[in-house]
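The values are calculated or read from the model by the stated rules, or taken from the named source; none is laboratory data. It should be emphasised that the depicted structure is a prediction, and the values quoted were computed from it without experimental measurement. For neighbour counting, all protein chains shown are included, and Cβ atoms are generated from backbone atoms with ideal geometry for every residue, glycine included.
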Amino acid sequence: MNDNIKKTTPNGWTIENNGWALQDFEEQAAASSGKVKVATVWLDGCSGCHMSFLDIDEKIIGLADLIEIVYSPLVDIKQFPGGVDVTLVEGAVSSDEDEEKIHEIRNGTNLLISFGDCAVTANVPAMRNQFKVDDVLTRAYVENATFNQQIPRFGVPRLLKKARPVHEIVNVDLFLPGCPPPSDAIYYVLGELLEGRIPDPKGKTRFGA
């Protein structure tokens, strides 16, 4: 977000960035649907960040009273709904499918969080960036294959030339590093947002944590 920008969500909430100030999420929820609409997304990553999200354990019950998970690999919803208040994005943008999806998510999300090191820096997926895509595919599907040695051409997303962090493709509002971010850091970030404050995750997590 740029300075002094005020956004109104599809459900009537206001998110105002004036030195990172948010109106109280709970007050706005009470005036609208009653819950904050939250999504989580998994691009090119290992799912470790989502596993850490689940490691919030029993505290997730308290969050469930305040948020509604409207899209996630953790729930059976196939289409990103739009009108989402907060989206946590795990993973790098590595394929044409990832790129298309992250634009759709950005357009349908008020507050977008880069969730974990792969989203923040491209991290492990970027290890292939020093090689040509054809060389990577040949290594994976021909040289390291015992049977059916061929590069798939149909039914799989096309790899981009390089794996890229989310913020190189779309605007990101908040960065939550870690590999994965600790569950306490995730809970802290969501809790601060629900209290209408912009979280500062420094000291709660770090790259490679």
Only one of these conditions is not met by Pro201: (1) on the phi < 0 side of the Ramachandran plot; (2) at pLDDT 95 or above; (3) touching a strand residue (DSSP E or B) at 6+ places or on another chain (Cβ under 7 Å); (4) not aliphatic (A, V, I, L, M). Which number is it? (2)
If you check every pair at least six apart or on different chains, which have Cβ atoms under 7 Å apart with a residue in the range 186-209 that is more than 12 Å from Leu174 (Cα to Cα) and of a type in the set (Gly, Ala, Ser) first and a residue that is modelled with pLDDT of 90 or more and not in a loop (DSSP other than H, G, I, E, B) second? Gly208/Asp117
Exception for Gly83 within (1) surrounded by 20 or more Cβ atoms within 10 Å (Cβ to Cβ); (2) small (Gly, Ala, Ser); (3) at pLDDT 85 or above falls at (1)
Wholly enclosed strands (runs of 3 or more DSSP E) of the range 29-105 bearing at least 3 residues out of contact with any Leu (no Cβ under 6 Å at 6 or more places or on another chain) and free of Cβ contacts under 8 Å to residues at least 40 places away in the same chain: 67-71
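Residue-by-condition table, conditions (1) of a type in the set (Asp, Glu); (2) crowded, with 23+ Cβ neighbours inside 10 Å:
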| residue | (1), (2) |
| --- | --- |
| Lys59 | no, no |
| Asp65 | yes, no |
| Glu68 | yes, no |
| Asp76 | yes, no |
| Ala92 | no, yes |
| Ile105 | no, no |
| Leu112 | no, yes |
Checking the condition free of Cβ contacts under 8 Å to residues at least 24 places away in the same chain, small (Gly, Ala, Ser) and more than 22 Å from Lys78 (Cβ to Cβ), which residue from Ala163, Ala122, Ala145 passes? Ala145
Checking Phe147 against (1) surrounded by 13 or more Cβ atoms within 10 Å (Cβ to Cβ); (2) more than 28 Å from Val89 (Cα to Cα), which test does it fail? (1)
